[in-house]
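As structure tokens, the structure follows; a few thoughts come after it.
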């Protein structure tokens, strides 16, 4: 739940920054009317974006609670099904010699009812999971609008762009290969296996995954570019550029992703289990590491929790070469839950 609240905080911080900028401009001795009008328009649009973000967060919270309740109900039904299956096996053995068919038939009927309830609970859980993913997409879209508004204010363009038009950001690429090709940037290095990535195109939610990948790559470029600009100036990066998650939480321009989708490390069970950790070793350019391979525990959640649950694994080398290396984009890598 704390991750969902990050969205609300980011929207509030962004709006506060815009309103402060407007106040500072208004207090100047000779304020430019066009700049004042643009800043006020951006602040108004940011308020709307914050409202949408709040609504998305609240909806996601409600759906998360419902999904948790459905999961508890499912676990209860699984336990009951297991218990009844055991009792039925015992009853069959005890009654077989007596050939008491009615008792066995009654137990079978009760077990069938429980299995029907179990199937319904599984369907409910899957539905709530899909609704939660939709709410998270809506939240990320609100963050995307806010980030573009912040960039618009910084540029002080004389022709403000409608925030709805900015959120649209063109059609979703038809394949993951097109997503990767379109994301080419001097500060991004793609070493991933394209054949593995292309397998994601076969799944029904692929369009949503491609959109989320575009947003993730846009955010990585924004982060790497901000870090590169500071490095070229000779100034220290500062806390806001400490890592990708911190940068996203700060709500800078061109941020199109929620911090809730970012994990800078894996669980201890993954990092301390050789076969899980080794599955996260990917290629890197020689200038990043002479061995040409590194473990990439940092990742971005592209899909939900159900298979294939795609993830994007990356190595942040912005502190040295300025690069972000994308080593993997594909189905969730093995963990103790998937194996």
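The values are calculated or read from the model by the stated rules, or taken from the named source; none is laboratory data. Worth saying up front: this structure is predicted, and the values here are computed from it rather than measured. FYI the Cβ positions are ideal-geometry reconstructions off the backbone, even for glycines, and counts take in every protein chain you see.
Count of the stretch 170-220 residues, restricted to those that are without any contact (Cβ under 8 Å) to a residue 60 or more places away in the chain and part of a loop (DSSP other than H, G, I, E, B), is 11. Inspection of the stretch 215-232 finds a residue satisfying the criterion of being loosely packed, with under 15 Cβ neighbours inside 10 Å and either modelled with pLDDT under 95 or not assigned by TED's automatic domain parsing to the domain that holds residue 312 (or both).
Would a scan of the stretch 304-316 turn up a residue that is at pLDDT 90 or above, more than 30 Å from residue 171 (Cα to Cα) and surrounded by fewer than 20 Cβ atoms within 10 Å (Cβ to Cβ)? No, that holds for no residue. Checking the conditions here, which among 129, 106, 21 is at pLDDT below 70, over 19 Å from the mean Cα position of the chain (by Cα), part of a helix (DSSP H, G or I) and closer than 26 Å to residue 259 by Cα? Result of the check over 129, 106, 21: 21. The residue that is nearest to the chain's Cα centre (by Cα), counting only those in the stretch 237-256 that are at pLDDT 90 or above and assigned to a loop (DSSP other than H, G, I, E, B), is 243. On inspection, residue 306 qualifies as in a loop (DSSP other than H, G, I, E, B) and either under 27 Å from residue 202 (Cβ atoms) or touching a strand residue (DSSP E or B) at 6+ places or on another chain (Cβ under 9 Å) (or both).
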